[in-house]
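S.K.: Sharing a structure, written as structure tokens. Questions coming.
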Amino acid sequence: MRSLKLAGVALVVVVTGGGGAVAASAGAPAAVGVARSSSSNAAQKAPLAAPDGLGVVPGDGSATLTWAAVAGAVSYRVQRDGNPIATVLAPEAGYLDTDVANGVDVTYRVLAVDASGRMSAPSAEATVRPLPPAPGVPTRPRATAGDSEVTLTWPATAHGYVVTRDGEEVATVTTPGWTDAAATNGTTYAYAVRAVDRFGQRSGASPSVTAKPVAPAPVTPTGLVAVESSGKVVLSWNVSVRATAYTVLRDNVAVSTVDSESYVDTAVKAGSTHTYRVRARGEAGLTSALSAAVSVTLAAPAVEAPVAGPTLTTVSNGAGAKPFISANGRYVAFTAFGTGTSDVYVYDRTTKKLTRDGEGGEAVGISADGRYVAFTVERELYVRDRRLGSTAPVGDGGVVTAAMSADGEHLAYTAVADGTVDVFVHTLGVSTRLATTGVPIASAAAYGVAISADGRYVAFVSDAADLVAGDTNGTADVFVHDRVAETFARVSVATGGGQAAEGGMHRPGISTDGRYVSFSSTSSDLVPGDTNGRADVFVHDRTLGVTLRVGAPSDVDVRAEAMSADGRYVTFRSVTPGRPEEIFVFDREAGTARLLHAGAGSSISADGRHVAFHAMGADAQQVYLLEV
């Protein structure tokens with residue numbers, strides 16, 4: 001503080017530092033005697049009390065000080081780290097220090113000064129560390145799953161970052177990205193990121209992102225060779241990287257799954273031509289693309305007697321029903337009924353032999369090569385490996401209806417769960433719920449379920465309105481779930497996608513590649529000109545988006561029952577009360593339908609040449625095999 005005398009007026013100037021203020025006061029000149037008198041009076045006064053209640057709030061490169069006013073003080077001396085930095089004139093009792101560095105501790109004291117210039121003892125010390133605002137929360141993190149790893153990326157916003165996995169810190173990085181190389185394939189992880197500034201301040205957690213690392217699919221098989229040998233076809237191919245097994249397809253239908261790079265196809269006829277492909281199978285159900293196709297023609301038989309008309313074979317040895325025919329047409333699984341009991345039998349069309357493969361059960365499906373048979377016992381689902389002679393349970397019970405894929409590795413089924421009928425798929429020992437059907441439990445068996453040859457596509461009936469967008473008809477529809485793309489598509493629609501006004505959907509069937517789906521419906525707006533007022537059978541082409549009605553007698557109600565592997569043939573039956581049930585087959589390419597036989601419960605082979613069904617025999621219901 002300096003005192004200047006100008007024109008008889010005393011001017012007092014207080015110079016502050018570090019962001020403080022400059023203050024001045026002026027007054028009339030004072031007599032020397034009066035000054036001595038003032039000094040004498042001040043000497044008699046007690047010293048000022050030290051300022052109390054010093055509080056310091058740190059900011060971004062600043063500190064804000066406040067303290068309690070001291071009686072008799074005319075100013076206050078502010079000290080930082082023991083050095084004076086500012087004088088504040090009373091009655092102000094605060095100061096803003098803007099000359100401090102972030103991240104460094106600073107200590108403050110304040111002293112009160114009276115009119116005579118005497119200073120009080122210093123206040124208690126207050127130490128703070130100025131800091132900038134905490135960094136912002138990282139936005140838009142992305143997680144990309146790989147083989148036993150997950151790669152995270154996010155926009156750069158801060159000095160560093162902390163990564164958490166499932167709520168636990170797993171990494172601290174300085175770049176906007178990190179790869180979790182300790183992830184386990186098949187496990188879903190949740191990740192979040194926090195920004196960290198150079199002072200160690202952290203932001204809140206980013207939105208969580210999830211990822212499930214998976215092993216890559218096996219490599220597509222190469223070098224497929226098909227050679228005829230003694231009426232058989234011998235296949236061989238190169239080893240496929242990451243393959244654990246191979247599925248062999250004949251004419252686009254899976255006929256076997258093997259664990260070596262060769263296969264002998266004995267279920268072929270002399271003079272026939274067949275095309276083969278192989279698909280590699282790996283971990284977690286992953287599959288490769290199909291190999292290049294190879295074709296082979298077997299030598300024609302020396303003499304083959306012509307067959308006039310269909311050949312009918314009685315399969316069951318006693319009462320039987322619910323037949324399921326293998327894709328190659330050789331095997332028929334069915335339910336044989338006795339007095340108060342039922343068993344599952346398999347008929348071999350080549351050997352003409354019957355084997356019992358499910359005691360106390362009812363058949364629900366058979367694999368393409370006849371190795372696996374699915375059946376239920378009191379609503380428990382089982383799979384029988386006929387080659388190994390072993391039987392294993394599937395799911396948690398309550399099964400209503402089921403279907404087996406051609407390769408025998410997948411089962412689609414409906415089951416009662418928590419009071420509703422849900423759709424499940426069982427693969428590699430694990431059952432997964434796909435959707436709730438919403439259909440009445442009492443009549444759920446009539447709705448059915450279907451699965452494609454390789455288990456990728458599942459067709460089912462549901463009245464759920466949230467599986468696809470725009471489902472506002474308030475009635476049951478037929479849907480197809482793509483298990484690879486994890487999508488649902490509604491197929492009980494008119495050409496162009498118009499939804500059905502009515503329900504009455506029953507018994508979907510599906511082709512090997514999932515392109516064609518057959519079903520029954522009472523809706524009259526799926527095709528133009530549907531004025532018969534009856535339940536009809538329809539086929540929807542998922543590739544072209546076209547729906548057509550099968551040719552059938554216009555004066556009967558009909559129900560879809562089965563579809564051939566390529567979607568060309570559809571079997572259906574008449575169900576009009578007061579009239580006998582009859583089985584028809586519809587040729588989609590020819591656009592014609594023809595009556596096959598009286599009966600119901602039909603199942604058709606992959607090539608459409610064989611149809612199994614049940615019908616009343618001379619004294620009991622029998623299972624028959626019709627070669628058309």
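S.K.: Step by step: first the residues of region 271-299, then only those that are closer than 26 Å to Val214 by Cβ and at pLDDT below 90, then the one that is farthest from the chain's Cα centre (by Cα). Which residue is that?
M.R.: Within region 271-299, the match that is farthest from the chain's Cα centre (by Cα) is Gly282.
Residue-wise test of (1) without any contact (Cβ under 8 Å) to a residue 24 or more places away in the chain; (2) surrounded by 14 or more Cβ atoms within 10 Å (Cβ to Cβ).
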position: Pro91; (1), (2): yes, no
position: Asn102; (1), (2): no, yes
position: Val106; (1), (2): no, yes
position: Arg109; (1), (2): no, yes
position: Ser116; (1), (2): no, no
position: Ser123; (1), (2): no, yes
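S.K.: Any idea which residue in region 382-412 is surrounded by the fewest Cβ atoms within 10 Å (Cβ to Cβ), counting only those that are in contact (Cβ under 8 Å) with a residue 40 or more places away in the chain and more than 30 Å from Thr266 (Cβ to Cβ)?
M.R.: Going through the qualifying residues, I end up with Thr401.
S.K.: Would you kindly identify the strands (runs of 3 or more DSSP E) lying entirely within region 328-420 that contain at least 2 residues that are of a type in the set (Lys, Arg)?
M.R.: Counting at least 2 such residues, we get 353-359.
S.K.: Same structure, new question: For region 456-505, which strands (runs of 3 or more DSSP E) that fit wholly inside it have 1 or more residues that are among the basic types (Lys, Arg)?
M.R.: The qualifying strands (runs of 3 or more DSSP E) are 487-490.
S.K.: Looking at region 77-116, what strands (runs of 3 or more DSSP E) fall wholly within it and have at least 1 residues that are within 17 Å of Val57 (Cα to Cα) and under 60 Å from the mean Cα position of the chain (by Cα)?
M.R.: Working: elements: 83-89, 94-97, 106-113.
Strands (runs of 3 or more DSSP E) meeting the threshold: 94-97, 106-113.
S.K.: Taking the options Val416, Val394, Val421, name whichever one is within 22 Å of Val517 (Cα to Cα) and among the aliphatic types (A, V, I, L, M). Full working, then the answer.
M.R.: Values: Val416 fails: within 22 Å of Val517 (Cα to Cα); Val394 fails: within 22 Å of Val517 (Cα to Cα).
Criteria check complete, one pass: Val421.
S.K.: Starting from residues that are part of a strand (DSSP E or B), open to solvent by 10 Å² or more (accessible area, probe 1.4 Å) and touching a strand residue (DSSP E or B) at 6+ places or on another chain (Cβ under 8 Å), keep the ones in region 423-447 and report whichever is modelled with the lowest pLDDT.
M.R.: If we take residues in region 423-447 being part of a strand (DSSP E or B), open to solvent by 10 Å² or more (accessible area, probe 1.4 Å) and touching a strand residue (DSSP E or B) at 6+ places or on another chain (Cβ under 8 Å), then Thr436 is modelled with the lowest pLDDT.
S.K.: If we only count strands (runs of 3 or more DSSP E) wholly inside region 191-298, which ones have 3 or more residues that are open to solvent by less than 20 Å² (accessible area, probe 1.4 Å)?
M.R.: Numbers: elements: 209-211, 225-229, 232-236, 245-250, 253-258, 262-265, 273-281, 294-297.
In region 191-298, the matching strands (runs of 3 or more DSSP E) lie at 245-250, 253-258, 273-281.
S.K.: Return the pairs, sorted by first residue and then second, in which the second residue is open to solvent by 60 Å² or more (accessible area, probe 1.4 Å) and part of a strand (DSSP E or B), the first residue lies in region 165-192 and is under 18 Å from Thr153 (Cβ atoms) and of a type in the set (Gly, Ala, Ser), the beta carbons are less than 6 Å apart, and the residues are 6+ apart or on different chains.
M.R.: Sorted first by the residue in region 165-192, then by its partner, the pairs are Gly177/Thr153; Ala190/Thr210.
S.K.: Exactly one of these conditions fails for Tyr331: (1) modelled with pLDDT of 90 or more; (2) within 35 Å of the chain's Cα centre (by Cα). Give me its number.
M.R.: Exception for Tyr331: condition (2).
S.K.: Would you mind stating whether Arg77 is at pLDDT 95 or above, more than 30 Å from Asp197 (Cβ to Cβ), touching a strand residue (DSSP E or B) at 6+ places or on another chain (Cβ under 6 Å) and surrounded by 13 or more Cβ atoms within 10 Å (Cβ to Cβ)?
M.R.: yes
S.K.: Right, next: Looking at region 315-328, which of its residues are small (Gly, Ala, Ser) and either surrounded by 23 or more Cβ atoms within 10 Å (Cβ to Cβ) or more than 22 Å from Met563 (Cα to Cα) (or both)?
M.R.: Ser316, Gly318, Ala319, Gly320, Ser326, Ala327
The values are calculated or read from the model by the stated rules, or taken from the named source; none is laboratory data. Given the structure is predicted, the values throughout are model-derived calculations rather than measurements. So basically every Cβ, Gly included, is an ideal-geometry build from the backbone, and we count neighbours across all protein chains shown. Heads up: the accessible areas ignore ligands, DNA and RNA and are worked out on the full protein's heavy atoms, side chains in. Shrake-Rupley method; radii C 1.70, N 1.55, O 1.52, S 1.80 Å.
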